[in-house]
Amino acid sequence: MSRKIAVIWSIAFAASVVGVIASAQHRFRFHDETRAQPLNLEPATVNPGVNRSEITEQGRALSITGNGIPNHLVRRFPNKGNPHHIAEQPVKLSVPAVPRASATPTPLRMGWNFGVTLTGVVFDPLAAEFWHGDPRSGWSYNALGGAIALGLDANFAHVQPNGKYHYHGVPTGLIELQGWSPKEHSPLIGYAADGFPIYARTGLVGGKVTQMTSSYRLKAGQRPGGAAPDGRHMERSTKTTSSWRDLERSTNAMAP
C-alpha cells in the first residue's frame with residue numbers, strides 16, 4: 001500500500017477513532033482480567049435505520065460512500081456493555097482499484113480500520129480497552145476474547161461513543177442477506193484498506209469449498225513480565241489479556 005493511499009484511509013477512517021481516544025483520556029476503564037470467558041453475543045432484533053451506500057470506480061481508485069448504517073438487524077443499543085446510540089456517519093473513502101501486495105506487512109495499530117463492507121460499515125478490530133486502563137502499557141484487550149463485556153451483537157459488532165457502528169468479526173447479518181451458504185464460495189463483503197477484496201468463511205482450495213482460517217497465529221514463548229501481563233503469549237484455553245504483541249502474521253499475509 002502506498003503512503004498516499006495510507007494517508008487517505010487514515011484521515012477518512014481514523015479521525016473518529018482518534019477522537020474517541022482523545023475524549024476518553026483519564027477515564028479508560030480499569031481491567032485486570034486474564035482468563036477467557038464465553039463470548040456473549042446478543043440476538044440482533046432491532047432495525048437501525050436506512051442504509052445508504054455506493055461504490056464507484058474513478059480512475060485507479062474505488063470510491064466508497066455511505067452513511068455507516070448497516071442493512072441488517074442489530075442488537076438494541078445502548079445496552080449494559082455498550083452505552084452508545086447508533087448514529088449516521090459520513091463515509092467517503094478511496095482504495096486502489098488494482099491492489100498490489102506489499103513486500104512487508106503493515107502492522108495494525110489503534111485508530112486504523114482494517115476495511116469497509118460493501119454497505120459502508122467499517123471493520124475496526126482493535127478495542128480501546130487496556131490492561132489497568134493504561135493505553136501506554138502496550139496491552140489491549142481483544143474485543144472477541146470475552147474477558148470483558150463490550151455489548152457485542154450477533155454480528156460481532158457494537159457502537160463507539162460517537163455513534164459509529166463497526167464490526168470486530170464476521171458481519172453475520174450481512175453475509176446472510178447475501179445468501180451465503182457454507183457449501184458455496186463466500187460472496188464479496190467488502191474491501192481492505194489496501195484495496196484487496198474481503199470474503200468471509202469459505203473459499204475454493206483446489207476446486208473444493210473450504211472453511212477459511214485467519215493468517216494470524218499466537219506467538220510462542222513467554223510474555224514480558226513487569227508492568228505488563230506475564231505468562232505465555234495468549235494460551236487460548238486460559239489466558240485472554242491480548243494485544244498486537246501477542247500475535248504474529250504468517251509469512252504470506254497481506255498488508256492491511
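The values are calculated or read from the model by the stated rules, or taken from the named source; none is laboratory data. The shown structure was predicted, so the numbers you read here are calculated from the model rather than taken from an experiment. Positions of Cβ are generated from backbone atoms using ideal geometry, with glycine treated the same way; all protein chains shown enter the neighbour counts. What goes into the accessible areas is simple: the full protein's heavy atoms, side chains included, and nothing from ligands, DNA or RNA. Shrake-Rupley method; radii C 1.70, N 1.55, O 1.52, S 1.80 Å.
Which order do the peptides 113-125, 39-51, 199-211 take when ranked by the mean count of other beta-carbon atoms within 10 Å per residue, highest first?
Per-residue Cβ counts within 10 Å, averaged per peptide and sorted highest first, yield 113-125, 39-51, 199-211.
Could you look at the stretch 67-136 and say what percent of its accessible area is carbon and sulfur, using a 1.4 Å probe and all protein chains?
Answer for the stretch 67-136 is 56 percent, counting heavy atoms of protein chains only.
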What figure, in Å² to the nearest 10, do you get for the accessible area of Phe156 with a 1.4 Å probe and non-protein molecules left out?
50
Residue order for Trp139, Trp131 - accessible surface, 1.4 angstrom probe, largest first
Trp131, Trp139
Taking the Cα atoms of the stretch 65-187, report the difference between the largest and smallest coordinate on each principal axis, in whole Å and largest first.
42, 40, 33
